[in-house]
Amino acid sequence: MTSRLNDSTWYGTGELLRIKEPTQQLKQVRQLNLLVYTDIDYPGMGSEPNPNTTTGCVNGECTRTQILMIYTIPFKKGRTTLAKLNKRSPIKHEQANLSYVGNSGGLAKRYIAQGAKPNWIRVTKIDQATGVVEGRFSLSLKEDMTVYNRLANGMPETAQFRGGLFRIKVKDVILK
């Protein structure tokens, strides 16, 4: 997955999760959750344990520093706004978000969708044979001021993703 985050290159490793209830058939599940993580450093991150790695977590082992999540994406071709995704969500206040995490995994700062435009995601291709989904997105997220002990530094109040591209294989998750 690649994008521009506030005019800087941003890339990471992603998962498209198709979450199935025990009573559902797999073909009935028509929504996906996008989870993208990276090890790119950010201001105020500190120096332990891996301050200089920038692999995008491609090789599996990495210390996650940033996590982007988008919930309830329709499992079909087409463009959807984040406002529509939030209405589809069965969990109240579940929103697309970008989280900056500390070296131990604790939340340092979070950006959430708060109605800014443009906020959309488009599924452009679904390969049924391989399970790979391709798409694009554009997001404008604002700092979540409710995060206790959030990192106070020179980071901007808005996280803007532009030119986002993803090509990720769907991973089925079956709930117990």
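Residues in segment 101-125 that are open to solvent by 20 Å² or more (accessible area, probe 1.4 Å), at pLDDT 80 or above and touching a Gly at 6+ places or on another chain (Cβ under 9 Å): Arg122, Thr124, Lys125. Considering every residue within segment 136-158, establish whether at least one is under 14 Å from Leu34 (Cα atoms), touching an Asp or Glu at 6+ places or on another chain (Cβ under 9 Å) and surrounded by 15 or more Cβ atoms within 10 Å (Cβ to Cβ). No, because not a single residue in segment 136-158 is under 14 Å from Leu34 (Cα atoms), touching an Asp or Glu at 6+ places or on another chain (Cβ under 9 Å) and surrounded by 15 or more Cβ atoms within 10 Å (Cβ to Cβ). Residues in segment 19-29 that are free of Cβ contacts under 8 Å to residues at least 60 places away in the same chain and exposed (fewer than 11 other Cβ atoms within 10 Å of the Cβ): Thr23, Gln25, Lys27, Gln28.
Answer with yes or no whether Gly60 is at pLDDT 90 or above, surrounded by fewer than 17 Cβ atoms within 10 Å (Cβ to Cβ) and not aromatic (Phe, Trp, Tyr).
Criteria not met by Gly60.
Residues being in a loop (DSSP other than H, G, I, E, B) and surrounded by fewer than 17 Cβ atoms within 10 Å (Cβ to Cβ) are entirely absent from segment 165-173.
Assessment of segment 122-137 against the conditions (within 13 Å of the chain's Cα centre (by Cα) and more than 19 Å from Gly163 (Cα to Cα)) yields no matching residue. Every listed requirement among (1) of a type in the set (D, E, K, R); (2) outside any strand (DSSP E or B); (3) touching a residue at least 60 places away in the same chain (Cβ under 8 Å); (4) closer than 26 Å to Ile40 by Cα is met by Lys176 save one, (4). Of the residues contained in segment 82-100, none is found to be surrounded by 13 or more Cβ atoms within 10 Å (Cβ to Cβ), touching a Pro at 6+ places or on another chain (Cβ under 9 Å) and under 17 Å from Ile40 (Cα atoms). Here is the figure for segment 107-154: residues that are among the hydrophobic types (A, V, I, L, M, F, W, C) and touching a helix residue (DSSP H, G or I) at 6+ places or on another chain (Cβ under 6 Å) total 1. Residues in segment 44-57 that are surrounded by fewer than 18 Cβ atoms within 10 Å (Cβ to Cβ) and at pLDDT 75 or above: Thr55 alone.
The values are calculated or read from the model by the stated rules, or taken from the named source; none is laboratory data. Computed from a predicted structure; not experimentally measured. So basically every Cβ, Gly included, is an ideal-geometry build from the backbone, and we count neighbours across all protein chains shown. The area values use the complete protein model at the heavy-atom level, side chains included, leaving out ligands, DNA and RNA. Shrake-Rupley method; radii C 1.70, N 1.55, O 1.52, S 1.80 Å.
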